[in-house]
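**Q** Take a look at the following structure, please.
The values are calculated or read from the model by the stated rules, or taken from the named source; none is laboratory data. What you see is a predicted model, and the numbers here were worked out from it, not measured in a lab. Note: ideal-geometry Cβ built from the backbone for every residue, glycine included; neighbour counts use all protein chains shown.
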Amino acid sequence: MKKLLFPALAILGLAACNQEGDQNATTNMDYPTIPVTYPQTATEDVKDDYFGTSVADPYRWLENDTATNTEAWVKSQNVVTQDYLGKIPFREAVRDRFEELFNYPKYGAPYQVGEYYFFSKNDGLQNQSVLYRQKGLDGAPAVFIDPNKLSEKGTAAIGISGVSDDDKYLTVSRSDAGSDWSEVMVYEVATMKQMPDVLKWVKFSGGAWWKDGFFYSRYPEPAKGTELSGNNMNHWVYYHKLGDPQSSDKLIYKDDKNPSYYHNAQVTEDEKHLFIYAAPGTDGYAVLHKDLTTDGPITTLFEGYKNKTSVVHNIDNKVLAMTDIDTPNYRLVEVDLANPDKANWKDIIPETENLLEGCSTGGGKLFAGYLEKATNRIYEMNYDGSGKKALALPGLGSAGAPGGRESHKSLFYTFTSFLYPPTIFKYDVATGQSSIFQETKLKFNPADYEEKQVTYKSKDGTPVTMFVVHKKGLKMDGNNPCQLYGYGGFNVSLSPGFSTSRIMLLENGGVFAMPNLRGGGEYGEAWHKDGMLMKKQNVFDDFIAAAEYLIAEKYTSTERLGIAGGSNGGLLVGACMTQRPDLFAVALPGVGVMDMLRYHKFTVGKGWVPEYGSSEQSAEMFNYLKGYSPVHNLKPGTQYPATMVTTGDHDDRVVPAHSFKFAAALQAAHKGDSPVLIRIETDAGHGAGKPTSKVIDEIADVYSFFFYNTKTEVKYKVKG
């Protein structure tokens, strides 16, 4: 079954891992206070009425990201932030160390296209990974596309978004400066030549090939000056015939009654069926069907919008679909397209106590991926569910189920954990055996560290699991710097993963902690629903309880504890630091959703209404959102944690106005010597596609800020 790209919030985490050094004794350093003079941010008399309640929005002008005064404000804030960071004595040494750690070859899992295999590789410090093609698994790799040559600053990112059924063509998407907007190009596989086809104003779309073209989704061209902040509407499905100009593309599906909905196309491997996913946002969608063999009408196969059902594979007119209908931990069912009523469904993989995270097919086999206490298990079976056997994974960690076409004999998957660098495995379908295909080699000894999972109780008594990683033998005396990272939303599961920057935290005597908060998907749809809409406070309570647990168990102390998260995780950090400013030494909200009353008015923000609710829905929902909205809950005269807000000027997912307004309000409200800064990256977006050079600079600045404000002794020296 061809892959389906579907809109969802991206997780932007602070990367990380570990290494040598004496971690048995962490020293508190008495770093001097670095004085900060904040820029004066103008206010304006703007008020909105919500169900009879007037709400001031004095920094509304910062929503205009292209205005001259906003650009001047960004420059002035960056000057202050860079001046502060420049006075941290070990900043350059931290950057040198991270660059050293990050400088190793990074591979993407191969994908077979006919007699060729495609894979991505970054030599170490290239700004973008290069796409390679080789003939067979033993052929010599050749550069297919080098995105580093597409832009002077290395800000162009590419990815394969579709493969033609005859394996002759690829659709390749290109995005620039971190924007969600992409440009779709077509390449000939054998000659590696780019075809004249170029499609613009594409967002959240794959390329679902059928006959001599492909289905894709796009928006109308936005008004000039609103490309990165305007409200995107009319995400319709089109068919592009190879060789035709985009203006000739055929409109396949639109929904004038619901112009804010997202639509994505999927074609079955046998080219008999088209499925269109229609979603109000990131939670719940309908599935529409069209018989391509008869050019039949588009009909509703699975009703929206309370559940999530996705087609995995088909056998003629019977489809295998993964669904949470009546089964919050998901199941796989067989649905006869001639009799699709639920009463006629046949269970192929029944629901279990563990989350069925995903299903895929390849080599004539079915693969099921489960989450058990937030770690992966993968099973192979026949299409009817028989012959179930487990894939032998290296340990407890994260791995996606392998997938490919029915004709493929070898499939690939990647395994990783906090202490196991990403390793690509080749799965032989005939023997059912896995073997290492490409392993990551670092100057890193995992035997020096330990990872474990603990359980603590949240405010309402709910048990919550949390991963904790640190040096073996580390003293639990409350004296260790600790980074608590979380997300908690959109059914996203946080499972163990390796990250090189975390090495810097661990080798300087630090502790990394990652709880599986409600709102995530680790324990099924019920766990997700317990952290969304008017239960969102559960997420913040879970995170605060995690901090209290780490302090009570003497992993760390308030003076050494920092919290971090990106996107929805940035909202998490913003909400928790406003609710409990006394609990944390450092707060690192990245690209966060900070204005919960207006988030739905920008770009794709309306798609999050099913998760958050909207301030315009009802007085009750307005009051609930206002009760935790970070920008609306900053209290003048309060001492907040040392804070560095991070965002990108090209972020058209969570527009930078969220971070701009929060930083301005925080600087006005904050009382104390701890810095409250904003670091605004130029030519960067929500996180995806960020050049390596910018990643290294940002991570170095974030960790330097964290170390300095948790008074951590840093064991690095500047090169030379």
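**Q** Can you confirm whether segment 567-584 contains a residue that is part of a strand (DSSP E or B) and at pLDDT below 95?
**A** Taking every residue of segment 567-584 in turn, none turns out to be part of a strand (DSSP E or B) and at pLDDT below 95.
**Q** Restrict the check to segment 222-231 and report whether at least one residue is in contact with a strand residue (DSSP E or B) (Cβ under 6 Å, 6 or more places away or on another chain) and in contact (Cβ under 8 Å) with a residue 12 or more places away in the chain.
**A** Within segment 222-231, none of the residues are in contact with a strand residue (DSSP E or B) (Cβ under 6 Å, 6 or more places away or on another chain) and in contact (Cβ under 8 Å) with a residue 12 or more places away in the chain.
**Q** Would you confirm, using the coordinates I've provided, whether Gly139 is free of Cβ contacts under 8 Å to residues at least 40 places away in the same chain and more than 25 Å from the chain's Cα centre (by Cα)?
**A** Yes: the conditions hold for Gly139.
**Q** Take the residues of segment 370-385 that are free of Cβ contacts under 8 Å to residues at least 60 places away in the same chain and assigned to a loop (DSSP other than H, G, I, E, B): which is nearest to Leu356 (Cα to Cα)?
**A** So, considering only residues that are free of Cβ contacts under 8 Å to residues at least 60 places away in the same chain and assigned to a loop (DSSP other than H, G, I, E, B), the one nearest to Leu356 (Cα to Cα) is Gly385.
Per-residue answers, yes or no, for (1) surrounded by 19 or more Cβ atoms within 10 Å (Cβ to Cβ); (2) at pLDDT 95 or above:
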{"position": "Ala343", "(1), (2)": "no, yes"}
{"position": "Lys346", "(1), (2)": "no, yes"}
{"position": "Pro350", "(1), (2)": "no, yes"}
{"position": "Leu356", "(1), (2)": "yes, yes"}
{"position": "Gly362", "(1), (2)": "yes, yes"}
{"position": "Met381", "(1), (2)": "no, yes"}
{"position": "Leu419", "(1), (2)": "yes, no"}
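**Q** Among the residues that make up segment 190-197, is at least one of them farther than 26 Å from Leu274 by Cα, within 23 Å of the chain's Cα centre (by Cα) and among the polar types (S, T, N, Q)?
**A** No, that holds for no residue.
**Q** Could I ask something else about it? Looking at segment 516-538, can you tell me whether even one residue there is in contact with a Cys (Cβ under 8 Å, 6 or more places away or on another chain), at pLDDT 95 or above and of a type in the set (Gly, Ala, Ser)?
**A** no
**Q** Here is a follow-up. Does Leu131 satisfy being over 29 Å from Tyr238 (Cα atoms) and among the aliphatic types (A, V, I, L, M)?
**A** Judged against the criteria, Leu131 is not a match.
**Q** Moving on. Give segment 65-101 a look and list any residue that's without any contact (Cβ under 8 Å) to a residue 40 or more places away in the chain and part of a loop (DSSP other than H, G, I, E, B), or say none.
**A** Once the filter is applied, which keeps residues that are without any contact (Cβ under 8 Å) to a residue 40 or more places away in the chain and part of a loop (DSSP other than H, G, I, E, B), segment 65-101 yields Ala67, Pro89.
**Q** How many residues does segment 305-330 hold that are under 24 Å from Glu611 (Cα atoms) and part of a strand (DSSP E or B)?
**A** The qualifying residues number 6.
**Q** If a residue has to be closer than 17 Å to Ser182 by Cα and surrounded by 21 or more Cβ atoms within 10 Å (Cβ to Cβ) to count, how many in segment 144-155 make the cut?
**A** So the count comes out to 3.
**Q** Quick test of your reading of the structure: Val469 fulfils all but one of (1) over 19 Å from the mean Cα position of the chain (by Cα); (2) more than 30 Å from Met29 (Cβ to Cβ). Name the failing condition by number.
**A** Exception for Val469: condition (2).
**Q** Now for a different question. Looking only at residues that are among the charged types (D, E, K, R) and part of a loop (DSSP other than H, G, I, E, B) in segment 283-299, which one is modelled with the lowest pLDDT?
**A** That would be Asp283.
**Q** Okay, moving on. Looking at segment 535-554 only, could you name the residues that are among the aromatic types (Phe, Trp, Tyr) and either farther than 14 Å from Val454 by Cα or crowded, with 24+ Cβ neighbours inside 10 Å (or both)?
**A** Phe540, Phe543
**Q** Sort out which residues of segment 117-137 are crowded, with 19+ Cβ neighbours inside 10 Å and not polar (S, T, N, Q), and write them in order of number.
**A** Tyr117, Phe118, Phe119, Val130, Leu131, Tyr132, Arg133
**Q** Looking only at segment 483-532, filter to residues that are crowded, with 22+ Cβ neighbours inside 10 Å and of a type in the set (Asp, Glu); which one of those is farthest from Thr440 (Cα to Cα)?
**A** So, considering only residues that are crowded, with 22+ Cβ neighbours inside 10 Å and of a type in the set (Asp, Glu), the one farthest from Thr440 (Cα to Cα) is Glu522.
**Q** If Asp326 satisfies every condition in (1) in contact (Cβ under 8 Å) with a residue 24 or more places away in the chain; (2) on the phi > 0 side of the Ramachandran plot but one, which is the exception?
**A** (1)
**Q** Considering only segment 331-361, state which residues are of a type outside the set (Asp, Glu), assigned to a loop (DSSP other than H, G, I, E, B) and farther than 26 Å from Ile298 by Cβ.
**A** Those that are of a type outside the set (Asp, Glu), assigned to a loop (DSSP other than H, G, I, E, B) and farther than 26 Å from Ile298 by Cβ: Pro350, Thr352, Asn354.
**Q** Looking at Ala368, Ala399 in this structure, which one is surrounded by 21 or more Cβ atoms within 10 Å (Cβ to Cβ) and within 26 Å of Leu505 (Cβ to Cβ)?
**A** Exactly one of Ala368, Ala399 is surrounded by 21 or more Cβ atoms within 10 Å (Cβ to Cβ) and within 26 Å of Leu505 (Cβ to Cβ), namely Ala399.
**Q** Outside any strand (DSSP E or B) and in contact (Cβ under 8 Å) with a residue 60 or more places away in the chain: does that describe Ser205?
**A** So Ser205 passes the test.
**Q** Could you give every pair whose Cβ atoms fall below 7 Å, whose first residue belongs to segment 110-126 and is at positive phi, and whose second residue is surrounded by fewer than 18 Cβ atoms within 10 Å (Cβ to Cβ) and at pLDDT below 95, counting only separations of at least 6 or pairs across chains?
**A** That search, which allows pairs on different chains as well, returns Gly124/Asn103; Gly124/Tyr104; Gly124/Pro105.
**Q** Let me ask something else about it. When you look at Val237, is it touching a strand residue (DSSP E or B) at 6+ places or on another chain (Cβ under 8 Å) and within 29 Å of Asp146 (Cβ to Cβ), yes or no?
**A** Considered against the rule, which asks whether it is touching a strand residue (DSSP E or B) at 6+ places or on another chain (Cβ under 8 Å) and within 29 Å of Asp146 (Cβ to Cβ), Val237 comes out as no.
Yes/no per residue for (1) hydrophobic (A, V, I, L, M, F, W, C); (2) assigned to a loop (DSSP other than H, G, I, E, B); (3) surrounded by fewer than 21 Cβ atoms within 10 Å (Cβ to Cβ):
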| residue | (1), (2), (3) |
| --- | --- |
| Tyr238 | no, no, no |
| Asn258 | no, yes, yes |
| Glu271 | no, yes, yes |
| Gly281 | no, yes, no |
| Leu301 | yes, no, yes |
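**Q** Another question about this same structure. Go through (1) surrounded by fewer than 19 Cβ atoms within 10 Å (Cβ to Cβ); (2) part of a loop (DSSP other than H, G, I, E, B); (3) small (Gly, Ala, Ser) one by one and return the number of the condition Gly178 breaks.
**A** (1)
**Q** Hey, does segment 188-202 have a residue that's among the aliphatic types (A, V, I, L, M), free of Cβ contacts under 8 Å to residues at least 60 places away in the same chain, surrounded by fewer than 17 Cβ atoms within 10 Å (Cβ to Cβ) and part of a strand (DSSP E or B)?
**A** yes
**Q** I'm trying to understand the selection: among the residues of segment 424-482, which are more than 21 Å from Thr375 (Cβ to Cβ), β-branched (Val, Ile, Thr) and crowded, with 16+ Cβ neighbours inside 10 Å?
**A** Of everything in segment 424-482, just one residue is more than 21 Å from Thr375 (Cβ to Cβ), β-branched (Val, Ile, Thr) and crowded, with 16+ Cβ neighbours inside 10 Å, namely Val429.
**Q** Would you please name the residue that is surrounded by the fewest Cβ atoms within 10 Å (Cβ to Cβ), looking only at residues in segment 210-224 that are among the aromatic types (Phe, Trp, Tyr) and under 26 Å from the mean Cα position of the chain (by Cα)?
**A** Within segment 210-224, the match that is surrounded by the fewest Cβ atoms within 10 Å (Cβ to Cβ) is Tyr219.
**Q** Continuing with the same structure: Tell me whether segment 107-127 contains one or more residues that are in contact with a Lys or Arg (Cβ under 6 Å, 6 or more places away or on another chain), under 20 Å from Thr155 (Cβ atoms) and of a type outside the set (Phe, Trp, Tyr).
**A** Within segment 107-127, one or more residues are in contact with a Lys or Arg (Cβ under 6 Å, 6 or more places away or on another chain), under 20 Å from Thr155 (Cβ atoms) and of a type outside the set (Phe, Trp, Tyr).
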